[in-house]
Amino acid sequence: MTDLNLNFEPNILTFCCNWCSYAGADLAGVSRLQYPTNNRIVRVMCSSRIEPTFILEAFKEGADGVLITGCHIGDCHYIEGNEHTDERMKDMVNALERMGLGERLHLEWVSAAEGKKFQETMINFVDKIKALGPSPLEHKRVE
Amino acid sequence: MKTSPRNTIYQTNVYKTGSDDIWNCLTCNLCYDECPQGVDYPEFVKEERDGNVESADLVHKGVFTLLSDMMVDLDKSRTSLEEAGNKDSKVGYYPGCLDFQDMFFNVDADFSSIANSSMKLLDRMDLDPKRLQMKCCGHDQLWQGDRTTFDKLKEQNTKLIKESGIETLVTSCAECYRTLSQDYDLPIKVVHISQLLKDADLGIDSNVDVTYHDACRLGRHMGEYDAPRDSLTKAGANVTEMAHTKEKAWCCGVSSMMNCNDKSKALRKTRLDEAKKTGAKVMVTTCPKCLAHLTCMKNELESVEDYDFEIKDLTVFLADEMEGKKDE
């Protein structure tokens, strides 16, 4: 099992909001902060744009983990968009837990100034998914 | 645009062009009941939809469809709440997707309480029930045209029911009842909870004015009109009928999670107005989807219309009365 996990490179889908976390990812880039290359970033205007179906579709299409990032509470460009995200994600994690996927969804607030935090979040999340192993929906894995 | 079943059937069978109308059908069986020739239009629609799920106009962007889709592939996944009750019981209670509805419907309705109330009522009847952990019954997939997923769910659920060793399966949902008794070939008895409640002595004397909204799956599909009314009368409630009732009852408009459009909203508004006219304090129904969509509509119209009644599931109503929670 452990041998398997050593070779396992997870597919991670990251959603970044345009105003904070995408800029945070940008900062991590220009600061040359290294983080694993397992993730694919999708930029959305606000984290509240992310519908439950986006996440379910991602898992269905072979993602091993889904990471949602947005502005800190109170800093949302659209005043209270991320509060909706927060509420929605609680339900989403609940639903995914019933499927045994609960730990594969993570929500993190990353501001535009937190390039370092973006890097750490990425490293920790990839480590976590590596420890968890491939998604149970394995036969649909994309290479 | 007018929907014409005759035209739809003609186009499909003669010109083989198909018609978008098959996606507008509520499959509520009202036309089948009226038809002097006995044309089973809902069944025709179901067959026509088969394999074309992509064209379906799903509500909530199809989140429930995706969930059940994933459920098929995940061994451990279950839709129900945790297993509870007596493990060796011969009576099993299947809650269906109530907990998922709690997560994704932001209406003021507590769906898990339907499951809890049902367990309480079954306990009161000394049936010593066991709450089952199964997958989604697949009703929506079947009527949305995704028969592949339905067949897989059917196979997996049949296996789970056989393993559980129960002899009677009780469900509180009209859709689950229809699907499990008509579309599954189960070796055990499937009953709707109202069919048990009508003969049970719960010791309730509620004296509340209620009206009963027939769920299309329980009423016209399964022919069960009297059991829910009998259980309400037995509990002492005064049942007043709406303008359209029993065989003529209007649908909530969103069976199998499709078509939550302006037309089905108009249908729901009319239904709420009918309920208001009866002067009842509680509108009782037996289908969680009727409950969700009528409550959603009621909330939406709150600012313009004054509906001073509550919408409750049959089991929740009876359990609340049993525990002496009076409505204000």
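Taken together, the values in this text are just the output of simple stated rules run on the coordinates, not laboratory data. Not measured: the values here are computed from a predicted model. Cβ coordinates were reconstructed from backbone atoms using ideal geometry, including for glycine residues, and neighbour counts include every protein chain displayed.
How big is the Rg/Rh ratio for the range B:110-174, C-alpha atoms only, Rh by Kirkwood, two decimals? Walk me through the intermediate numbers first.
Working: Rg = 13.8 Å, Rh = 13.4 Å.
That ratio equals 1.03.
How large is the dipole of the range B:5-49 about the Cα centre if only Lys and Arg carry +1 and Asp and Glu carry -1, each at its Cβ, rounded to the nearest 20 debye?
On the way: 4 positive and 8 negative charges, 34 e Å.
For the range B:5-49, the charge dipole is close to 160 debye.
Consider just the alpha-carbon atoms of the protein assembly as shown and return their Rg together with their Dmax, both in angstrom.
Here Rg and the maximum Cα pair distance are 24.4, 77 Å.
Using only helices, what value at 222 nm comes out for chain B when you add -39,500 (n - 2.57) per DSSP H run of length 4 or more and divide by the total residues, to the nearest 500 deg cm²/dmol?
On the way: 14 runs with 132 residues, N = 328.
Per the formula, -11500 deg cm²/dmol.
Let me spell out the model: positive unit charges on the Cβ of Lys and Arg, negative unit charges on the Cβ of Asp and Glu, origin at the Cα centre of the protein assembly as shown. What dipole size does that give, in debye rounded to 20? Don't jump to the answer; show the numbers that get you there.
Details: 57 positive and 79 negative charges, 142 e Å.
Dipole of the protein assembly as shown, to the nearest 20 debye: 680 debye.
Treat each spin label as a single point 7 Å out from the Cα along the C-beta direction, and report the A:Glu61 to B:Glu34 distance in nm.
Label-label distance for A:Glu61 and B:Glu34, simple model: 4.4 nm.
So how much slack lies between A:Glu120 and A:Asn7, counting 0.36 nm per residue of separation and subtracting their Cα-Cα distance, in nm?
On the way: separation 113, 0.36 × 113 = 40.68 nm, distance 2.16 nm.
Taking 0.36 nm per residue and subtracting the Cα distance, the gain is 38.5 nm.
Just to confirm a number: summing +1 for Lys and Arg and -1 for Asp and Glu over residues other than B:Val239 whose beta-carbon lies under 10 angstrom from that of B:Val239, what do you get?
Numbers: positive: B:Arg229; negative: B:Asp209, B:Asp230, B:Glu241.
Taking every Cβ under 10 Å from that of B:Val239, the sum is -2.
Bin width 20 Å, origin at 0, all Cα-Cα pairs of chain B: what percent of pairs per bin?
The percentages, shortest bin first, are 32, 59, 9, 0.
If R₀ is 45 angstrom, what is the calculated FRET efficiency for the pair B:Asn86 and A:Thr37, using the beta carbon separation as r and rounding to 0.05?
Numbers: r = 53 Å, r/R0 = 1.17.
Result of the calculation: an efficiency of 0.30.
Among the lysines, which fall within straight-line cross-link reach of B:Lys162, defined as a Cα-Cα distance under 19 Å, with same-chain neighbours fewer than 8 residues apart omitted?
Partners within reach: B:Lys76, B:Lys87, B:Lys90, B:Lys130, B:Lys135, B:Lys152, B:Lys154, B:Lys189.
Partner chain Cβ atoms within 10 Å, averaged over the residues of A:96-107 - can you pull that number for me? Show your work: numbers first, answer last.
Working: counts 3, 1, 14, 9, 5, 4, 0, 0, 0, 0, 0, 0.
Across the residues of A:96-107, the mean count of other-chain Cβ atoms within 10 Å is 3.
Hey, what number do you get for chain A at 222 nm if only DSSP H runs of n ≥ 4 count, each worth -39500 (n - 2.57), divided across all residues, to the nearest 500? Could the numbers behind the result be given before it?
Values: 5 runs with 61 residues, N = 143.
Estimated from H runs of four or more residues: -13500 deg cm²/dmol.
What FRET efficiency would be calculated for the residue pair B:His244, B:Lys162, taking the C-beta separation as r and a Förster radius of 45 Å, to the nearest 0.05? The partial results should precede the final answer.
Values: r = 41 Å, r/R0 = 0.90.
Efficiency, rounded to the nearest 0.05: 0.65.
How many lysine pairs does the range B:209-322 hold where the Cα atoms are under 12 Å apart and the two sit 8 or more places apart or on different chains? Walk me through the intermediate numbers first.
Values: B:Lys265/B:Lys298; B:Lys269/B:Lys298; B:Lys276/B:Lys298; B:Lys281/B:Lys312; B:Lys289/B:Lys312.
Value for the range B:209-322: 5.
By its C-alpha gyration tensor, with a ≥ b ≥ c as the square roots of the eigenvalues, how is the range B:185-328 shaped: rounded for a/c under 1.5, else prolate for a/b larger than b/c, else oblate?
On the way: a/c = 1.88, a/b = 1.17, b/c = 1.61.
Taking the square roots of the gyration eigenvalues as a ≥ b ≥ c, the range B:185-328 is oblate.
Can you bin the range A:2-134 into rounded, prolate or oblate? Criterion: square roots of the alpha carbon gyration tensor eigenvalues sorted a ≥ b ≥ c, rounded for a/c under 1.5, prolate for a/b above b/c, oblate for the rest. Before the final figure, lay out each step's value.
Numbers: a/c = 2.15, a/b = 1.18, b/c = 1.82.
Oblate is the answer for the range A:2-134, as a/c is 1.5 or above yet b/c matches or exceeds a/b.
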